[in-house]
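Inspection log for the structure reproduced underneath, given as structure tokens.
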Amino acid sequence: VILKTIGYTDETPVASGSRLEKNLRPYIDKPASSETARRRQYNRALSYLRARKINRFLQNHLPQEMAPGTKVRFVEKALGMGEEPPIAAGQINYGRIDPRRRICMVLPFIGIDI
């Protein structure tokens with residue numbers, strides 16, 4: 001089973017000095033030069049961690065739903081898109097609808113080796 005999850009965030013900045021910022025720091029290569037670039041770096045890291053968390057949840061719970069004795073190997077792929085919109089820019093302005101949006105798309109792909 002290939003678990004490919006793509007995470008997104010809104011444009012809300014991560015508060016400086018917060019516990020969240022401390023947890024995200026290991027995922028930031030080098031400090032950004034501007035506040036906008038910093039916000040984007042942290043939101044990209046946050047969206048990646050969200051995607052990875054969903055993959056881990058599915059890895060823990062999917063086997064329980066399968067027939068007894070079924071062997072499953074998971075291939076995890078997580079991608080953090082940060083503030084990039086999940087659809088083509090300009091089609092929907094999520095900020096006007098709900099600036100706190102949370103989007104989760106789960107698209108299963110199951111490959112069977114025979």
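The residue pairs whose first member lies in the stretch 8-20 and is in contact (Cβ under 8 Å) with a residue 40 or more places away in the chain and closer than 13 Å to R44 by Cα, whose second member is among the acidic types (D, E) and open to solvent by less than 50 Å² (accessible area, probe 1.4 Å), and whose beta carbons are closer than 8 Å, counting only pairs six or more residues apart or on different chains, are Y8/E83; T9/E83; D10/E83; E11/E83. Candidates in the stretch 61-85 are the residues that are open to solvent by 80 Å² or more (accessible area, probe 1.4 Å) and either part of a loop (DSSP other than H, G, I, E, B) or touching a Gly at 6+ places or on another chain (Cβ under 6 Å) (or both); of these, the one that is farthest from V14 (Cα to Cα) is P68. Flag: Y94 matches the condition of being surrounded by 13 or more Cβ atoms within 10 Å (Cβ to Cβ), at pLDDT below 80 and over 13 Å from I6 (Cβ atoms). Checked against the criterion of being among the β-branched types (V, I, T), part of a loop (DSSP other than H, G, I, E, B) and modelled with pLDDT of 85 or more, the stretch 45-57 has no qualifying residue.
Across the stretch 1-51, the number of residues qualifying as open to solvent by 70 Å² or more (accessible area, probe 1.4 Å) and of a type in the set (V, I, T) comes to 1.
Considering the stretch 18-38, and only residues there that are part of a helix (DSSP H, G or I) and either more than 20 Å from the chain's Cα centre (by Cα) or polar (S, T, N, Q) (or both), the residue that is nearest to K53 (Cα to Cα) turns out to be N23. Mind checking whether some residue in the stretch 26-35 is touching a Pro at 6+ places or on another chain (Cβ under 9 Å), at pLDDT 90 or above and more than 30 Å from E65 (Cβ to Cβ)? Yes, the stretch 26-35 contains a residue that is touching a Pro at 6+ places or on another chain (Cβ under 9 Å), at pLDDT 90 or above and more than 30 Å from E65 (Cβ to Cβ).
The values are calculated or read from the model by the stated rules, or taken from the named source; none is laboratory data. Values in this document were obtained by computation on a predicted structure and should not be read as measured data. Note that each Cβ is placed from the backbone with ideal geometry, even for glycine, and that neighbours are counted across all protein chains shown. Just so you know, the surface numbers come from the protein's heavy atoms only, side chains and all, with ligands and any DNA or RNA stripped out. Shrake-Rupley method; radii C 1.70, N 1.55, O 1.52, S 1.80 Å.
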